[in-house]
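Comments concern the structure below.
The values are calculated or read from the model by the stated rules, or taken from the named source; none is laboratory data. Every value quoted in this text rests on a predicted model; they were computed, and no experiment measured them. Note that we place each Cβ from the backbone using ideal geometry, even for glycine, and neighbour counts take in every protein chain shown. Note: areas computed on protein heavy atoms with side chains; ligands, DNA, RNA excluded. Shrake-Rupley method; radii C 1.70, N 1.55, O 1.52, S 1.80 Å.
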Amino acid sequence: MHFKYLLIFFILFSIKSNSQLLEDKKNFRAADSLLKEPSFSVHKDNYFLTGVPINEPITRNTADVKYQVSFKLRLKSKPLWGGFFPYLMYTQKAFWDIYANSKPFSEINFNPGVAVVRPFYLKGGRLTYGTISLEHESNGRDSIYSRTWNMLAFSLKSQISPRWVVGLRGWIPLVDKEDNPELTKYVGYGEASATYQIQPGRWSADILFRKGSGLINYGSLQTQVNWRPYKNENYYLTLQWFVGYTESLIDYQEHKSMIRLGFTIKPESMGIF
């Protein structure tokens, strides 16, 4: 089974016939896209959203707040061998039952990781990031409430036009099947993403599709529309819809459909994956 993932990895990273993958060190222009960011910067979207289910009754216990904090740290300003830049990453996603009587947190998911990122240009000057990462994700709990898995992931993210950014990501999941039965079936083996600038600097739309291992029964879809009220400020008003599995780890076997509204802080650039 692992052979097919290694084959995918080989295909993704052997596209230099159509790209400037091996730029001369003194002409490594693609690196400027990473170096123009501060060494400490936003990784994935940082958001604070409140919402309600659309596939079950709305009550104090089904409405909630979801928020995420995500950042990355570039460890070197000069590339390693092969033009790769090393990163540390951390993402924390929380589900807060703020409308319930005692306002508990129903779930917090922790996602630290390390990565190496290789920027390059595809044919036509399309900036692209190739990333290899090793990540851990868990909910920090024990006993029957413990949820945890690890992944070795490979991704490509490319700005294919001034308005479109697309990404493909695949991973080899490493799961303790006794504590997390059939988790692999729900987290799947890969995802695809896209961002479209409806009105550059003001309106954008994002889509993230994760494929589970089942033919049609598993996976998830998250879409959102973002409006930036001030061009000089990096925050957005976001309307988000999630449908599918593994929005949180604790209920990974439950199908969810949630619509939420709130604020988002996005990476200044297109993000490494």
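Annotations for the structure displayed:
- Potential lengthening between Phe105 and Asn55 on full extension [0.36 nm per residue; Cα-Cα distance subtracted]: 15.8 nm
- Cα lying deepest toward the dipole's positive end in segment 183-273, options Asn217, Val187, Thr238, charges on Cβ: Thr238
- Two-decimal Rg/Rh across segment 160-273, once Rg and the Kirkwood Rh are taken from alpha-carbon atoms: 1.03
- Restriction of the GluC sites (Glu not before Pro) in segment 106-181 to DSSP coil positions whose beta-carbon has at most 14 other beta-carbons within 10 angstrom yields Glu178.
- Between Ala194 and Asn234, the distance separating the two model label sites (each 7 Å from Cα on the Cα→Cβ line) works out to 2.6 nm.
- Contour excess over end-to-end distance, with Cα ends at Arg126 and Ser143 and 0.36 nm allotted per residue: 1.3 nm
- Charge dipole of segment 54-168 about the Cα centre (unit charges at C-beta), most positive-ward option of Ser161, Leu88, Trp149: Ser161
- Dimensionless Rg/Rh of segment 53-140 - Kirkwood Rh, Rg from C-alpha atoms: 1.20
- Computed lengthening from Glu254 to Asp32, 0.36 nm per intervening residue step minus Cα-Cα distance: 75.6 nm
- Taking all protein chains as shown and a probe of 1.4 angstrom, Glu56 keeps an accessible surface of around 80 Å².
- Solvent-accessible surface (1.4 angstrom probe) belonging to Val117, in square angstrom, nearest 10: 0 Å²
- All Cα-Cα distances of segment 91-165, cut into 10 Å bins from zero to the largest, leave 16, 29, 25, 20, 10, 1 percent in each bin in turn.
- Directionally averaged projected area (convex hull, Cα atoms, segment 224-273), nm²: 4.4 nm²
- In the chain, one over the average inverse separation of all distinct C-alpha pairs is 19.8 Å, which is the Kirkwood hydrodynamic radius.
- Accessible area per residue in Å² at 1.4 Å probe, computed on segment 97-189: 47 Å²
- Computed from Cα atoms, the angle from the helix 2-12 axis to the main principal axis of the chain rounds to 50 degrees.
- On the principal axes of its alpha carbon atoms, segment 153-219 extends 48, 22, 20 Å, with the longest extent given first.
- Candidate residues Arg60, Arg141, Arg74: accessible-area rank, largest first, probe 1.4 Å: Arg60, Arg141, Arg74
- Selection from Leu122, His136, Ile54, by position along the positive dipole direction of segment 42-265 (Cβ): Leu122
- Separation between Cα centres of segment 66-80 and segment 97-166, rounded to whole Å: 12 Å
- Per residue, the convex hull around the alpha carbon atoms of segment 78-123 comes to 109 Å³.
- Entries in Lys78/Lys266; Lys66/Lys103; Lys66/Lys185; Lys72/Lys123; Lys44/Lys157 that, when Cα-Cα distance is taken, lie over 20 Å: Lys78/Lys266; Lys66/Lys185; Lys72/Lys123
- Accessible area of Leu168 in the full protein assembly, 1.4 Å probe (Å², nearest 10): 100 Å²
- Candidate residues Asp251, Asp64: accessible-area rank, largest first, probe 1.4 Å: Asp251, Asp64
- Carbon + sulfur, % of accessible area of segment 42-265 - ligands and nucleic acids excluded, 1.4 Å: 61 percent
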